[in-house]
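A short reminder: the numbers here are calculations on the coordinates, not readings from a lab. Note that the coordinates shown come from a computational prediction; the quantities given were computed from them, not determined experimentally. Glycine gets a Cβ as well: all are built from the backbone with ideal geometry, and neighbour counts include every protein chain shown.
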Amino acid sequence: MNSEARREYIINQLEENHTVKILELSQQLKVTRETIRKDLYFLEKKGIIKKVHGGAVLEISNQETDYEKRKNEFHDEKAIIAKKAAAYIEEGDTVYLDYGTTTLALAKEIAKMKNLTVVTNTIPIVNLLLKNKSINLIMPGGIVRNNESSLYGPFASNNIKEIYVSIGFFGCSGIDAERGITSHHTGENLVSKEMIEHSQTTIVLADHSKFGTVALNRTATIDQLDIVITDRARNKDELQQFTQHGVELIDGSKEE
């Protein structure tokens, strides 16, 4: 098991048990305690965990919150972003909807459309769009992540190799002009990375709270994106930072 896989395992254990012990991790992963200490030091530097005597706990401010809870956070802002994003979709398009609650808000807009093909690995989005008989749905499949109702893993990656879309809409845990877009879960992040490569146009949906935030896994650099849609830009400097990278930043609070 490489360092990235070990660190993902450690984070998963923390999400489930809220605390981990160095000795137990050493035995479970069959590596030395010094190796585990280095992994914990790395994760602490990233601001994801807090080291304590003999182990670690999650740094509360950096935990990924429950999917159902996130659906209700910034509800109005996500609706603004979704309406702006829906304007980029035309009849006959093949669309990818990434993980997240802002893409779920976009799915509610897409549910009113017709003659589209939608690719997604998010079960709530599939359940929502199933009601529209004129939308073709494709699920790459994979391992079920129960707390997020999403699928990821090698099976998903293998199927994605054969899929290309007109537009990919991506959520994120954080967005920063220098560090790019980032997410919490390594498995989901790999699927997102692959679909960015397979999207003719890449659009990121991010409410204002995501700007300036950095999560564990980088999904893409800013120059890999075409458009970022938010509910409101924080300042002119931020707008200029994205423009310098050739990215169009759409401020949903402004009428066009």
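Taking Lys21 as the anchor, which lysines have their alpha carbon closer than 22 Å to its alpha carbon, excluding any fewer than eight residues away along the same chain? Reachable lysines: Lys30, Lys38, Lys45, Lys46, Lys50, Lys51. Give the residue from Ser149, Ala220, Thr182 lying farthest towards the positive end of the charge dipole for the range 106-235; charges sit on Cβ (+1 for Lys and Arg, -1 for Asp and Glu) and the dipole is referred to the Cα centre. Projecting each Cα onto the dipole axis, the largest value belongs to Ser149.
Which entries of Lys84/Lys210; Lys112/Lys254; Lys133/Lys193 show an alpha-carbon separation above 22 angstrom in the structure shown?
Over 22 Å apart, Cα to Cα: Lys112/Lys254; Lys133/Lys193.
In the chain, helical runs assigned H by DSSP with n ≥ 4 each contribute -39500 (n - 2.57); averaged across all residues and rounded to the nearest 500, the mean residue ellipticity at 222 nm is -11500 deg cm²/dmol.
Evaluated at q = 0.21, 0.22, 0.24 Å⁻¹, a Debye calculation over the C-alpha positions of the range 175-256 (equal weights, vacuum) places log10 I(q)/I(0) at -0.97, -1.06, -1.23. Phi angles of the range 41-48 translate, via the Karplus equation with coefficients 6.51, -1.76, 1.60 and θ = phi - 60°, into HN-Hα couplings of 5, 4, 5, 5, 4, 6, x, 8 Hz per residue; Gly and Pro are given as x. When each of the peptides 213-226, 127-140 is scored by the mean number of other C-beta atoms lying within 10 Å of its residues, the order from highest to lowest reads 213-226, 127-140. Only the Cβ atoms of Lys and Arg (+1) and of Asp and Glu (-1) were treated as charged; on that basis the dipole of the range 122-196 about its Cα centre amounts to roughly 280 debye.
The H on the amide N of Asn136, modeled in the peptide plane, is under 5 Å from the matching H of Leu116, Thr117, Val118, each at least 5 residues off or on a different chain. Name the shape class, rounded, prolate or oblate, that the alpha-carbon gyration tensor gives for the range 213-256, where a ≥ b ≥ c are the square roots of its eigenvalues, rounded holds for a/c under 1.5, and otherwise prolate holds if a/b is larger than b/c and oblate otherwise. Prolate. Here the chain is treated as a sphere whose radius is the Kirkwood value from Cα pairs; by Stokes-Einstein at 10 °C and 1.306 mPa s it diffuses with a coefficient of 83 µm²/s.
For the range 74-132, the square roots a ≥ b ≥ c of the C-alpha gyration tensor eigenvalues yield an a/c of 1.5 or more together with a/b not exceeding b/c, which makes the shape oblate. If the only charges are +1 at each Lys and Arg Cβ and -1 at each Asp and Glu Cβ, what is the size of the charge dipole of the chain around the Cα centre, to the nearest 20 debye? For the chain, the charge dipole is close to 700 debye.
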